[in-house]
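Data block below; observations after.
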Amino acid sequence: MNKSSAEYKTAVKEADEKYNKHGAFKSMYIVKRYKNLGGKFDDDVNLVKPTRRWLKEKWVSVLHFLQPDGDIVLCGSDKIGPHSCRPLVKVNSRSPSTIQELVDKHGYEEMLRLARVKRDHPDAYIDWENAQAILPEEEDSGNKKYPKWVYMKDSERKNKKYLARFEVEAGKYKDVHFGARGGQTYTDHQDDKKKGGWIKRHSKMKMQDTIGEEMWKTNPMSPSTLSRFVLWELTDLDEAVDAYIKRFNL
């Protein structure tokens, strides 16, 4: 394309008005509009071929796709913001791994974690094949507060009920298993008498050279603290999680 031509400048101006950010859709619009305006192609015409493959691969937002409703939001849409995209279709050997291939390789939770890292850290580089998030050095890193709450799910350990994941520093995570599998908690039975008894017993238990009631004030990532405020504080589990996050400013 002749980027100094009137046709190219017109195509770019129209693309800027139509798309808020740079991306494959904007680039394709410029090429198509440039051609319609009578613009001439030289040896770079073959550069359009990878873009055609990209269209067939159907790149979509990973985070939206992994939600329970499996929402399909095309890459380049104004809806997705800094979210990362991966292809749905494998066109040929040059196509990157699809979302489903990566889920099969690393697991649903790991893919969701990487997508959330990209959402929260737009400048991060996500190595999807090796399931790694590489965050750039940030000047204001001294102002970053850790730990940060990431998510909670059922624990895979036989004797534990839940797993809570925390981001303890940029791109590094800690998993904490808590709650006795098979046992009922305040979120299950809503019995105030049993709640009071549990708190009284565990507040005096010694754990890591600290009694329970002191640990509950100073260590939000301890299994005991998680049990106290997530399982034995409120009757609704989701509300208890939200209150716990606010209590410790995670």
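Below is a table of values for the structure above.
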| quantity | calculated |
| --- | --- |
| Unmet requirement for GLU129, which otherwise passes all of (1) surrounded by fewer than 17 Cβ atoms within 10 Å (Cβ to Cβ); (2) assigned to a helix (DSSP H, G or I); (3) modelled with pLDDT of 80 or more | (2) |
| Within segment 1-114, helices (runs of 4 or more DSSP H) holding 3 or more residues that are at pLDDT below 75, on the phi < 0 side of the Ramachandran plot and exposed (fewer than 15 other Cβ atoms within 10 Å of the Cβ) | 48-57 |
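The values are calculated or read from the model by the stated rules, or taken from the named source; none is laboratory data. Note that the coordinates shown come from a computational prediction; the quantities given were computed from them, not determined experimentally. For neighbour counting, all protein chains shown are included, and Cβ atoms are generated from backbone atoms with ideal geometry for every residue, glycine included.
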